[in-house]
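Notes to accompany the following structure.
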Amino acid sequence: MRYGYARVSTDGQSVDAQVRQLTKAGCKNVFREVASGAKTDRSQLRRALDQLAAGDVLMVTRLDRLARSTRDLLNTLATITDREAGFRSLGDAWADTTTAHGRLMLTVLGGLAEFERELIRARTGEGRARAKANGKSLGRPFKMTKHQRREAVNRRESGELLTEIARSYNVSAPTISRVT
């Protein structure tokens, strides 16, 4: 069976044109959604994926209707493959896992994405190591100075309440709790 997935980003847009294209391409059931592509938990996409059985095909009008990033696309395609179903994008002829050529293209795309992630991870690690070697402290800066932190510890040890100490430094009680 062929299923369709149509998505628009905002309420002001309509999925009607996508639904017409998917129906014309043979989709018996089209899942419609109004949600940002950046949102990872899309209920109608989840329903569409849950419907897939071996031999079924999930179709979209364009790849950007299914996924916002390469990683998101590859994760979704992995879910489809795990269900022994296929995927096809009407606007991107190369994105068709029902053909050997399409599977090859998506495999190459997946390899490139994995390679890119490894490069980013390596560059990030090198940058962090360089920053540490140059004496940079990584992470979020402290809300309180060293002097204020020492003062807060002394006040806490003398029995003052966390909330009172926090109020005097204009920070939250959990911040004082972590310092003391």
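Data table
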read-out: GluC sites (Glu not before Pro), loop per DSSP, at most 14 other Cβ atoms within 10 Å - longest free stretch of the chain; value: 1-83
read-out: Gaussian network model of the chain, springs between alpha carbon atoms under 10 Å - residue of Arg71, Arg156, Arg42 with greatest fluctuation; value: Arg156
read-out: DSSP-defined beta bridges in segment 2-99 - what % are antiparallel, rounded to 5; value: 5 percent
read-out: Within a Gaussian network of the chain (alpha carbon springs, distance under 10 Å), most fluctuating of Lys24, Lys143, Lys132; value: Lys143
read-out: Highest-MSF residue in the chain out of Arg149, Arg46, Arg32 [GNM, Cα springs under 10 Å]; value: Arg149
read-out: Three-way shape call for segment 127-180 based on the alpha-carbon gyration tensor, with the a/c threshold at 1.5; value: prolate
read-out: Listed values [x] 48, 44, 24; [y] 75, 38, 29; [z] 48, 38, 30, entry calculated as Cα extents along the principal axes in Å; value: [y]
read-out: FRET E, pair Asp82, Lys136, Förster distance 45 Å, beta-carbon r, rounded to 0.05; value: 0.55
read-out: Nonlocal amide H pairs with Asn29, under 5 Å, H built at 1.01 Å; value: Gly4
read-out: Ranking of Thr10, Thr76, Thr163 by count of other Cβ atoms within 10 Å, fewest first; value: Thr10, Thr163, Thr76
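Taken together, the values in this text are just the output of simple stated rules run on the coordinates, not laboratory data. Keep in mind that this is a model prediction, so the values were computed, not measured. With ideal geometry, Cβ positions are generated from the backbone for all residues, glycine too; neighbour counts draw on all protein chains shown.
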